[in-house]
Structures are given as structure tokens and as C-alpha cells.
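One structure is given below, encoded as C-alpha cells.
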């Protein structure tokens, strides 16, 4: 537990530093670094990293995503996909003796899915500005981490019914419910505090707490889906953690697996079901 706490504190300090440069390319750079580490962990876990050419292409794609603006990215994505698929199959043809078709499919899915999901943090900033963008980014992170923390402690105290024993044997139904409640309560508290901090800095934002209550359970459940999805990958490849960069937590993918699902979800809610606005 002590190691987990120390790692969490270090992570929080790094997050605060990045948020201090929220409106600068530092956020893009931070997302790129996280995406590259996540892809390295995935390539190592699946043992696809033996193919150096395929790995290099994967790293290049992951590094570029966070620096392409949302609108341009959506316009270029259809043009990019077919040549990218063709390139992957060319690599397969060249290295078919030690590369499987399944490897190509995994790389295609993850090399786009992971950096695109993480880049939602940048889209939140670019579409909403500093005050609202930071609120939504923190909300996406909190939905994942509050749910995980609440589920951990509730599960240890009251857990009796296994949620998905073959994938994640320690997760329980009681933990799921506890994480969901924790997510709602702490989101409300965090939003209230954020309102006050912004007001003290001269920026008045209005949080719709009813909408926040409505989306928090869905975000919590989606975070669990992300957690279980990557737990299943670890099970199938027979590894305990994706990495060791965060002692007590594992790797970047172990810590950000649920965030990969909450970030796009929160971004989608800002488009059709916004939770807060700036009061003129």
C-alpha cells in the first residue's frame, strides 16, 4: 500500500505540472509520451516488439496523433486508414515468417485506438478553452480513478460476489456498486470545489449538478469496461502487469486502461450533453 501511495503522489505532482501548461503544447507532448509508453507496453506484452519495423511504424503513428488538430484529424483519418492498412500488410508480407495476421490486426486496432482515445484530452482543451477543458479532463480522470478507488476499498470491506472471476478475480459486484457511488459523490465534491477555485480566479463557471449526477454512473461503468478489457488482454497473454514504470500500480496501461474509455465518453458528452458552462 505504501508503494502505491507514493506512486500516486508522484503521479499527482506530474499531473499538476502538466495542467499548469494546459494551454501549451506541453499537454500534447505529455499525451504523446503516455501513448508511446502504452504502445511499448502493449508491444512487449504481446511479444510483437520482436518485429522492429512494425514496432517503428506503431510508435510513429502513436507519436503523431496528439499533434494533429481534431478537425484536421477527422478529415485526414479516412485518407490515412487505407494506406496505413496497406503498409501493415506490406510489413506482413516482408516478415510473414515470424509475424502473424493476428499481430497486424492487434497493431491496427491499438495503434489507432490508444493514441486517439488519449488525444481526447487535447480535443477537450481545444473545443472548450482552459477553464471548461480542464474541468472536463479532470472529470474524465476522476471518473476512472474515483471508481477504481471506491471499488477497491468497498470490495475489500464488503466484497462477496465475484463480478468477472475468470478475467479479474478480485473484482466484486459490491465493489462495482461502491465504485459507482464513490464516483458520483466525489465528482460532485470535486465539481463544487472547481467552481469555487475558478470563482476565486475571476472565472465564473456554472456546473449542472443534475447532469453530472446522470453521467457519472455511466462513466463509472465505462471505466470498469476499460479495466476489464485490458485485464482480459493480460489474462490471454499470461502477464500480471503491462509494465513496472509505476511501482504498486504496474505500467501506464495498468493505470490508464479505464481512462482510455472515459476520455472519449466525456468528450462525447461535451458535444451533446454539456455539464458546465462559463457565465458571462
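The values are calculated or read from the model by the stated rules, or taken from the named source; none is laboratory data. Note that this is a predicted model, so its numbers are computed, not measured. Glycine also receives a Cβ, built like all others from the backbone with ideal geometry; neighbour counts cover every protein chain displayed.
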Can you tell me which residue is farthest from residue 27 (Cα to Cα) among those in region 90-138 that are in contact with a helix residue (DSSP H, G or I) (Cβ under 6 Å, 6 or more places away or on another chain) and not in a helix (DSSP H, G or I)?
99
Against the definition (out of contact with any helix residue (DSSP H, G or I) (no Cβ under 7 Å at 6 or more places or on another chain) and closer than 23 Å to residue 121 by Cα), how does residue 24 come out, yes or no?
yes
Among the residues in region 186-203, are any crowded, with 20+ Cβ neighbours inside 10 Å, over 21 Å from residue 234 (Cβ atoms), touching a helix residue (DSSP H, G or I) at 6+ places or on another chain (Cβ under 8 Å) and modelled with pLDDT of 95 or more?
yes
If we keep just the residues of region 172-204 that are touching a residue at least 60 places away in the same chain (Cβ under 8 Å) and not in a loop (DSSP other than H, G, I, E, B), which is farthest from residue 220 (Cα to Cα)?
198
Would region 42-63 turn up any residue that is under 19 Å from residue 141 (Cα atoms), in a helix (DSSP H, G or I), in contact (Cβ under 8 Å) with a residue 60 or more places away in the chain and within 19 Å of the chain's Cα centre (by Cα)?
no
Taking the criterion of being out of contact with any helix residue (DSSP H, G or I) (no Cβ under 8 Å at 6 or more places or on another chain), over 25 Å from residue 126 (Cα atoms), buried (at least 16 other Cβ atoms within 10 Å of the Cβ) and at pLDDT 90 or above, would at least one residue in region 234-253 satisfy it?
no
How about region 142-174: which of its residues are more than 26 Å from residue 236 (Cα to Cα) and surrounded by fewer than 18 Cβ atoms within 10 Å (Cβ to Cβ)?
153, 157, 158
When residues of region 255-280 are limited to those that are touching a strand residue (DSSP E or B) at 6+ places or on another chain (Cβ under 8 Å) and surrounded by 21 or more Cβ atoms within 10 Å (Cβ to Cβ), the one nearest to residue 148 (Cα to Cα):
255
Any residue at all in region 72-85 that's within 23 Å of residue 268 (Cβ to Cβ), surrounded by 15 or more Cβ atoms within 10 Å (Cβ to Cβ) and touching a residue at least 24 places away in the same chain (Cβ under 8 Å)?
yes
What number goes with the only condition from (1) out of contact with any strand residue (DSSP E or B) (no Cβ under 9 Å at 6 or more places or on another chain); (2) more than 18 Å from residue 14 (Cα to Cα); (3) assigned to a helix (DSSP H, G or I) that residue 239 does not pass?
(3)
